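The values are calculated or read from the model by the stated rules, or taken from the named source; none is laboratory data. Being a predicted model, the structure only gives us computed values, none of them experimental. Glycine also receives a Cβ, built like all others from the backbone with ideal geometry; neighbour counts cover every protein chain displayed.
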Amino acid sequence: MNDTVHVPEGLQRDVSKAGAMDVGFIGLGHMGAGMAANLLKAGHRVTVYNRTPAKAEALIAQGAKRAAGIADACRGDAVITMLSNDEAVEAAVFGPDGVMSSLAAGSLHISSSTISVALSQRLSEKHAEIGHQFVAAPVFGRPDVAAAGRLFIVAGGSAAALEKAAPLLAAIGQRTYKVSDTPKGANLVKLSGNFLSASVIEALGEALALVGKGGIDERLYLEVMTSSLFDAPVYKTYGGLIASGRFAPAGFAAPLGHKDIRLLLAAAEDLRVPMPVASLLRDRFLTLFARGGEQLDWSAIGGLPAADAGMLPQSSAS
């Protein structure tokens, strides 16, 4: 089911006072902060929580309410979690005074975190037992896109849950795709999308190393490729980062990319789908970490081919 979730005209960027929702937002990292800010701009009443309270200050100044704990962020119509990994989501949802025990029956949990298919299934089952609605709505886009409210969202869940989530998703993204009636389907799509992006990064790094060592200007090469065969943001964004060697500060940290590839491989093993390129990408991240690159953007794996080709010191790729 690859249809777009449409929301009524007028709900795309601004909601009437009557249509405003009380929503909690848990996780104010590079992505979550921008998403929460756009909920406020759309007119929703937002209560924010982050383990590091200082990260909430800018949103408080914009009109958000500070939650003393996770439970305080679960008192409204919905709560959105945007956390870094399975462990963080499990702690926030299943921990003492967490989402599972604090959210009222009938209320909605939207998980925008990139998590494993297995955890998404567990969340779906546990929420159903209690009587919550649950939607998986991971997003595509880097922090600047999140801040602009231009994310692409892949959503999975029941028709009723997706309808309730629609005005919130419209506030944080430019388009929402319903990809599955089950939340775990959205997480599988998200992991596969990150796999494709990582594959592009590796391929770009290899191609740029090849032409660069052959005496071709790498920026000119990128202009040719991205103006003809590969006129897509993923090639332009990551090609530019690789050609310039700008891997810090990290927009999407390399350990998160490594985590996503590991989760993809776990899902592939469960489904008995061989993914040899994903295995290669896992090893590329390990190579980056062995060279001290854990603080870099995940696009830094695209710098490894040049180092492998002897074009720059090994440390330059990390």
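Summary of computed values
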{"item": "Subset of the range 183-197 [among the polar types (S, T, N, Q), surrounded by fewer than 24 Cβ atoms within 10 Å (Cβ to Cβ) and touching a residue at least 60 places away in the same chain (Cβ under 8 Å)]", "result": "S192, N194"}
{"item": "Residue check for S120: among the hydroxyl-bearing types (S, T, Y) and within 28 Å of V277 (Cβ to Cβ)", "result": "yes"}
{"item": "Near pairs, Cβ below 6 angstrom, 6+ apart or cross-chain, from the range 49-75 (touching a residue at least 24 places away in the same chain (Cβ under 8 Å) and under 12 Å from A33 (Cβ atoms)) to any residue that is of a type in the set (S, T, Y) and part of a loop (DSSP other than H, G, I, E, B)", "result": "none"}
{"item": "Filter pass, G157 being among the small types (G, A, S) and at negative phi", "result": "no"}
{"item": "Close pairs from the range 211-222: first among the β-branched types (V, I, T), partner outside any helix (DSSP H, G or I), Cβ under 9 Å, at least 6 apart", "result": "V211/D217"}
{"item": "Those residues of the range 108-123 which are surrounded by 22 or more Cβ atoms within 10 Å (Cβ to Cβ), more than 13 Å from the chain's Cα centre (by Cα) and among the polar types (S, T, N, Q), in sequence order", "result": "S120"}
{"item": "Close pairs from the range 155-168: first of a type in the set (A, V, I, L, M), partner at pLDDT below 95 and assigned to a loop (DSSP other than H, G, I, E, B), Cβ under 7 Å, at least 6 apart", "result": "A155/V5; L162/V5; A166/V5; A166/V7"}
{"item": "Verdict on F285 being buried (at least 19 other Cβ atoms within 10 Å of the Cβ), of a type in the set (A, V, I, L, M, F, W, C) and assigned by TED's automatic domain parsing to the domain that holds S197", "result": "yes"}
{"item": "Candidates V200, V154, filtered to the one that is touching a helix residue (DSSP H, G or I) at 6+ places or on another chain (Cβ under 7 Å), among the aliphatic types (A, V, I, L, M) and surrounded by fewer than 22 Cβ atoms within 10 Å (Cβ to Cβ)", "result": "V200"}
{"item": "Residue that is nearest to the chain's Cα centre (by Cα), among those in the range 235-255 that are of a type in the set (A, V, I, L, M) and surrounded by 16 or more Cβ atoms within 10 Å (Cβ to Cβ)", "result": "A253"}
{"item": "Failed item, numbered, when A290 is tested on (1) closer than 30 Å to A118 by Cβ; (2) within 24 Å of the chain's Cα centre (by Cα)", "result": "(2)"}
{"item": "Verdict on A105 being outside any loop (DSSP other than H, G, I, E, B) and in contact (Cβ under 8 Å) with a residue 12 or more places away in the chain", "result": "no"}
{"item": "Any hit, the range 190-213, residues being assigned to a loop (DSSP other than H, G, I, E, B) and either farther than 25 Å from A42 by Cα or over 15 Å from the mean Cα position of the chain (by Cα) (or both)", "result": "no"}
{"item": "Residue match in the range 70-92 (condition: modelled with pLDDT under 95, hydrophobic (A, V, I, L, M, F, W, C) and touching a Leu at 6+ places or on another chain (Cβ under 6 Å))", "result": "no"}
